[in-house]
Amino acid sequence: GAVVSQHPSWVICKSGTSVKIECRSLDFQATTMFWYRQFPKQSLMLMATSNEGSKATYEQGVEKDKFLINHASLTLSTLTVTSAHPEDSSFYICSATHSSGRTDTQYFGPGTRLTVL
Amino acid sequence: GNSVTQMEGPVTLSEEAFLTINCTYTATGYPSLFWYVQYPGEGLQLLLKATKADDKGSNKGFEATYRKETTSFHLEKGSVQVSDSAVYFCALSDPQTGANNLFFGTGTRLTVIP
């Protein structure tokens, strides 16, 4: 159990376009989903935390107007990179926590590699 | 504040060698500690965890013991396999906010050669 999927697994887009990444908890309800960004050979950087039905909480330095997060249901959160630029190219990873009260473990998706040309 | 420091890689070992990846932490209070593994092209997977002092987490032959006195959570495996080649991340969760605040180390890349 506790499987998290992401779609797409990789995407290439032109500069100036927007890209949407989906994160789904497949076999559990997720009260909270997290979005991370991982640069090559570096650790994960938390971008934002989203709770179902409420606005996401963004970490300092993350542009909320550029990285739009929607958490419409207990099993789906989306990250939209608006007006993407080459510097947005990165590996984006989501994770989710149970809504059963076991909030101490995050389950991670496989990641989405974004390349902006 | 909360932070995690783990040994820099990359680490290259021969198959069946003993593995240690050091991890130390700084935290206010008593965090839970985790090791995550990231295989090539995949997302992070929880490898093991420990939630209180002296707890030992174990999985797939890997072990780590929560040492409060040395603020450490070193990862060990007695005999590594080629399939263990991956990046290993040590992490802690803030005890007050739980999984809402997970701090990662920078990761250690392990390569196991036949």
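The values are calculated or read from the model by the stated rules, or taken from the named source; none is laboratory data. This is a predicted model, so every value here is computed, not measured. Neighbour counts run over all protein chains shown; Cβ positions are idealised from the backbone, glycine included.
Here are some notes:
- Matching entry among B:Glu42, B:Glu8, B:Glu15, B:Glu63 (being touching an Asp or Glu at 6+ places or on another chain (Cβ under 7 Å), charged (D, E, K, R) and either at pLDDT below 95 or surrounded by 13 or more Cβ atoms within 10 Å (Cβ to Cβ) (or both)): B:Glu63
- Flag if A:Phe34 is assigned to a strand (DSSP E or B), among the aromatic types (Phe, Trp, Tyr), touching a residue at least 60 places away in the same chain (Cβ under 8 Å) and out of contact with any Lys or Arg (no Cβ under 8 Å at 6 or more places or on another chain): yes
- 3 or more residues within 14 Å of chain A (Cβ to nearest Cβ): qualifying strands (runs of 3 or more DSSP E) within the stretch B:17-74: B:32-38, B:44-50
- So A:Ala56, is it in contact with a Lys or Arg (Cβ under 8 Å, 6 or more places away or on another chain), farther than 30 Å from B:Glu8 by Cα, within 13 Å of chain B (Cβ to nearest Cβ) and modelled with pLDDT under 95: yes
- Filter result (under 10 Å from the mean Cα position of the chain (by Cα), aliphatic (A, V, I, L, M) and closer than 22 Å to B:Pro114 by Cα) within the stretch B:40-86: B:Leu75
- Scan of the stretch A:42-71 for residues that are in contact with a Gly (Cβ under 8 Å, 6 or more places away or on another chain) and either of a type in the set (D, E, K, R) or farther than 24 Å from B:Tyr88 by Cα (or both), ordered by number: A:His71
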